[in-house]
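Enquirer: The structure's right below; bear with me while I get my questions together.
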Amino acid sequence: MVKVIKHKLDENNNLVKKKFNSLSINKILLIQPPDSDKKIFNFKSAKRGRLWNYPPYGLGVLAKRIQDENIEVEILNLNNEILKYIHNTNVSEDEFDFDNIWVESLKKKLNEFKPCFVGLTSMFSQSHEITKQISEHIKSNNDKIVLGAGGVHITNSLVDHKTVDKFFNEMKFIDFFFTYEADLSFLEFVKCVNSKNNYDRLGQIVIKIKDNEFLFIDKKLHPGPKDLDTIPAHELMEISELSKYGTIGSFFCHTKPNTKISTVISNRGCRAQCTFCSVRNFNGVGVRRRSVDSVVDELKKLRFDYDIKHIMWLDDDFLYNPKESVNLFNAISKNNLDMTWDCSNGVIAAACKDEVI
């Protein structure tokens, strides 16, 4: 039975100090797992280039914030490694060894980069099993590496108290779990580990004290407008090749052949309250918007540094603010970016006013 400690942090400072005392973080590897595990992977769709291959956008934002703290960081996109291998070889479905590809890619990166901390992201439940397998593989080969995990699936699993026992038992190799948006919480965690103080700044983190005993620190660390203006570390995300090996968005078929496609997010959250969706649970109520200048600066970088000519907006409520939407479109036009875009992730029909359209 899992023991969950939920008292105030100041009552458990000694537990945190003991956990952090032997830790030091100077090299961080962030991993985007494959979208699925071996059992449910669709080889035929992958061979046709029809499986999703999105940029690890959230990890890119986190990587940039880590860079700003002068800490070495790299991103390993194992989903892309799988799809790239299938695309660049003549391997048949019978010859294809799903697990061997991600294991060898991971081994190579770990040996070359030698991180002391590895962070895994899990967006959806379909990546649960492969995330578990990756964490087990890392720890079984080097138990000195500290493991963390975050993302929507991780958050939902920890919030649902009915599944906590089963979740912890399956993710038993993870040392730290980061709930909700980790822009601030992960950085505060790293600072606390390296400075060995200011534990009161910790938030949105679950710390594994020992087997079957976890400390939940629920304090919210909500990214504000200035935090949202962070442009991801695109140089770590392999964005120029992703749409070559898989699909991004729902309108890729309308672009010219060999068009390089990537993603951008201009706001977070959604005003809708759809029962089938967890956006409001994860991002909170309401919508927070990046500045138009920040979004356009990112688009310029994508267009002129990486030759990206089509963007899929990741926003869940893209046209939330009509005035700001029009300002963004005008700025895109004014800068002659020569880019097309689609917003297949989220548009509320009521937002499609004549002025915006």
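Enquirer: Out of the residues in the range 227-256 that are under 10 Å from LYS64 (Cβ atoms) and of a type in the set (A, V, I, L, M, F, W, C), state the one that is surrounded by the fewest Cβ atoms within 10 Å (Cβ to Cβ).
Expert: Only one residue fits best here, namely ILE231.
Enquirer: Open to solvent by 30 Å² or more (accessible area, probe 1.4 Å), modelled with pLDDT under 95 and over 17 Å from the mean Cα position of the chain (by Cα): which single residue out of ASN90, ASN100 fits that description? Break it down stepwise before answering.
Expert: On the way: ASN100 fails: modelled with pLDDT under 95.
Exactly one of ASN90, ASN100 is open to solvent by 30 Å² or more (accessible area, probe 1.4 Å), modelled with pLDDT under 95 and over 17 Å from the mean Cα position of the chain (by Cα), namely ASN90.
Enquirer: Would you please name the residue that is nearest to SER250 (Cα to Cα), looking only at residues in the range 22-56 that are open to solvent by 50 Å² or more (accessible area, probe 1.4 Å) and of a type in the set (A, V, I, L, M, F, W, C)?
Expert: Ranking the qualifying residues of the range 22-56, first place goes to TRP52.
Enquirer: Go through (1) of a type outside the set (Gly, Ala, Ser); (2) within 17 Å of the chain's Cα centre (by Cα); (3) open to solvent by less than 60 Å² (accessible area, probe 1.4 Å) one by one and return the number of the condition ILE82 breaks.
Expert: Here ILE82 meets the rest and fails (2).
Enquirer: Test GLU170 against the stated conditions and say whether it is open to solvent by 10 Å² or more (accessible area, probe 1.4 Å), of a type outside the set (A, V, I, L, M, F, W, C), at pLDDT 95 or above and over 16 Å from the mean Cα position of the chain (by Cα).
Expert: Numbers: open to solvent by 10 Å² or more (accessible area, probe 1.4 Å): yes; of a type outside the set (A, V, I, L, M, F, W, C): yes; at pLDDT 95 or above: no; over 16 Å from the mean Cα position of the chain (by Cα): yes.
No: the conditions fail for GLU170.
Enquirer: Determine, yes or no, whether ILE265 is in contact (Cβ under 8 Å) with a residue 40 or more places away in the chain and open to solvent by less than 30 Å² (accessible area, probe 1.4 Å). Before the answer, list the steps.
Expert: Numbers: in contact (Cβ under 8 Å) with a residue 40 or more places away in the chain: yes; open to solvent by less than 30 Å² (accessible area, probe 1.4 Å): no.
Judged against the criteria, ILE265 is not a match.
Enquirer: Identify all residues within the range 251-289 that are closer than 22 Å to ASN79 by Cβ and over 20 Å from the mean Cα position of the chain (by Cα); write none if there are none.
Expert: PHE251, PHE252, CYS253, THR255, ASN258, THR259, LYS260
Enquirer: Taking SER105 as the residue in question, decide whether it is small (Gly, Ala, Ser), open to solvent by 10 Å² or more (accessible area, probe 1.4 Å) and under 21 Å from LEU236 (Cβ atoms). Spell out how you get there, then give the answer.
Expert: On the way: small (Gly, Ala, Ser): yes; open to solvent by 10 Å² or more (accessible area, probe 1.4 Å): yes; under 21 Å from LEU236 (Cβ atoms): yes.
It is true that SER105 is small (Gly, Ala, Ser), open to solvent by 10 Å² or more (accessible area, probe 1.4 Å) and under 21 Å from LEU236 (Cβ atoms).
Enquirer: Please go through the range 302-357 and pick out each residue that is surrounded by fewer than 17 Cβ atoms within 10 Å (Cβ to Cβ), touching a residue at least 12 places away in the same chain (Cβ under 8 Å) and among the basic types (Lys, Arg).
Expert: Answer for the range 302-357, where residues must be surrounded by fewer than 17 Cβ atoms within 10 Å (Cβ to Cβ), touching a residue at least 12 places away in the same chain (Cβ under 8 Å) and among the basic types (Lys, Arg): just LYS353.
The values are calculated or read from the model by the stated rules, or taken from the named source; none is laboratory data. None of these values were measured; they are calculated from a predicted model. Using ideal geometry, Cβ is built from the backbone for each residue, glycine included, and neighbour counts are taken over all protein chains shown. Ligands, DNA and RNA are excluded from the accessible area calculation, which covers all protein heavy atoms including side chains. Shrake-Rupley method; radii C 1.70, N 1.55, O 1.52, S 1.80 Å.
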